[in-house]
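Peer 1: One structure follows; several queries about it will come next.
The values are calculated or read from the model by the stated rules, or taken from the named source; none is laboratory data. Keep in mind it's a predicted model, so treat the numbers as computed, not measured. Here the Cβ is made from the backbone with ideal geometry for all residues, glycine too, and neighbour counts use every protein chain on show.
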Amino acid sequence: MPRKLPPLRFVRSVLKSFMAESGLEPRLLGPHLRVTNAVAGEVQFELDITKDHTNRLKILHGGTIASMVDLGGSLAVASMGLYATGVSTDLNVTYLSSGGKVGDKITATAVCDKIGKTLAYTSITFRNSQGELAARGSHTKYVTQAWKAQENPFTPPEGAEVEEEK
């Protein structure tokens, strides 16, 4: 079993894997997204808004926020010790006010509300540079296979049906 990393280091290692292995995250969010804090069940991150993140109104694009709901939910699952963060089964975004414009920073808090042997439920809130609630989202992940990843720093919870690799 791998050595257990503190949650912040572990979540950053998962983000690094997303940036190295995924097609979307490095292109859309790249070096402009940073994890600023992580504890078990909660991750804080921020994005410096560039032109690539905006719509034709020159404000943060809703698709950028939706992508951050997807990634944020995955990072919240990672904060619970899952390196492989599962696959999406449901994603929802509610837009409440402008997320910002080029040069602004949007901050987010992603919470793993509940995790079990099959599903993980997460919620994400976003605040613009003025501290206003800009958006909120939820992301449900199917995690059954994720419990089997060798990179996970601890054993699955009681009742999780995980077969040992042979």
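Peer 1: Within the stretch 119-152, count every residue that is part of a loop (DSSP other than H, G, I, E, B) and at pLDDT below 95.
Peer 2: So the first thing to find is which residues in the stretch 119-152 are part of a loop (DSSP other than H, G, I, E, B), and the list is 128-132, 143-145, 149-152.
Add one more test, that the residue is at pLDDT below 95, and what stays is 144-145, 149-152.
The number of residues fulfilling the criteria is 6.
Peer 1: Take the conditions within 24 Å of Tyr142 (Cβ to Cβ) and among the aliphatic types (A, V, I, L, M) and apply them to Leu75. Does it pass? Before you say what the answer is, go through the steps one by one.
Peer 2: Numbers: within 24 Å of Tyr142 (Cβ to Cβ): yes; among the aliphatic types (A, V, I, L, M): yes.
For Leu75, the condition - within 24 Å of Tyr142 (Cβ to Cβ) and among the aliphatic types (A, V, I, L, M) - is met.
Peer 1: For the stretch 11-37, which positions are acidic (Asp, Glu) and over 18 Å from Ile106 (Cβ atoms)?
Peer 2: Residues of the stretch 11-37 that are acidic (Asp, Glu), as a first pass: 21, 25.
Residue satisfying the conditions is Glu21 alone.
Peer 1: Another question, then. Among (1) out of contact with any strand residue (DSSP E or B) (no Cβ under 9 Å at 6 or more places or on another chain); (2) among the polar types (S, T, N, Q); (3) within 15 Å of Phe10 (Cα to Cα), where does Ser67 come up short?
Peer 2: Going through (1) out of contact with any strand residue (DSSP E or B) (no Cβ under 9 Å at 6 or more places or on another chain); (2) among the polar types (S, T, N, Q); (3) within 15 Å of Phe10 (Cα to Cα) one by one, Ser67 breaks only (3).
Peer 1: Still on this structure, please answer the following. State which residue pairs qualify: first residue assigned to a helix (DSSP H, G or I) and inside the stretch 16-28, second residue hydroxyl-bearing (Ser, Thr, Tyr) and surrounded by 11 or more Cβ atoms within 10 Å (Cβ to Cβ) in any location, beta carbons under 7 Å apart, and separation of 6 or more residues or different chains.
Peer 2: Leu24/Ser67; Leu28/Thr64; Leu28/Ser67
Peer 1: In addition: Pull out all pairs, ordered by first then second residue, where Cβ-Cβ is under 9 Å, the residues are six or more apart or on different chains, the first lies in the stretch 85-104 and is basic (Lys, Arg), and the second is surrounded by fewer than 17 Cβ atoms within 10 Å (Cβ to Cβ) and at pLDDT below 95.
Peer 2: none
Peer 1: How many residues, within the stretch 120-137, are in contact with a Ser or Thr (Cβ under 6 Å, 6 or more places away or on another chain) and under 16 Å from Ser79 (Cα atoms)?
Peer 2: Within the stretch 120-137, the first condition is being in contact with a Ser or Thr (Cβ under 6 Å, 6 or more places away or on another chain), and the residues that meet it are 121, 123, 125, 127, 132, 134, 136.
Adding the requirement that they be under 16 Å from Ser79 (Cα atoms) leaves 121, 123.
The qualifying residues number 2.
Peer 1: Against the conditions (1) assigned to a helix (DSSP H, G or I); (2) without any contact (Cβ under 8 Å) to a residue 60 or more places away in the chain; (3) over 18 Å from Asn128 (Cα atoms); (4) within 13 Å of the chain's Cα centre (by Cα), where does Ser67 fall short? Just the number, please.
Peer 2: (3)
Peer 1: Inspect the stretch 38-52 for any residue being touching a strand residue (DSSP E or B) at 6+ places or on another chain (Cβ under 9 Å), surrounded by 12 or more Cβ atoms within 10 Å (Cβ to Cβ) and among the polar types (S, T, N, Q) and give the result as yes or no.
Peer 2: So far as the stretch 38-52 goes, yes, one or more of its residues are touching a strand residue (DSSP E or B) at 6+ places or on another chain (Cβ under 9 Å), surrounded by 12 or more Cβ atoms within 10 Å (Cβ to Cβ) and among the polar types (S, T, N, Q).
Peer 1: Conditions first: (1) among the β-branched types (Val, Ile, Thr); (2) touching a residue at least 24 places away in the same chain (Cβ under 8 Å); (3) under 20 Å from Leu33 (Cβ atoms). Thr118 passes all but one, so which condition is the exception?
Peer 2: (3)
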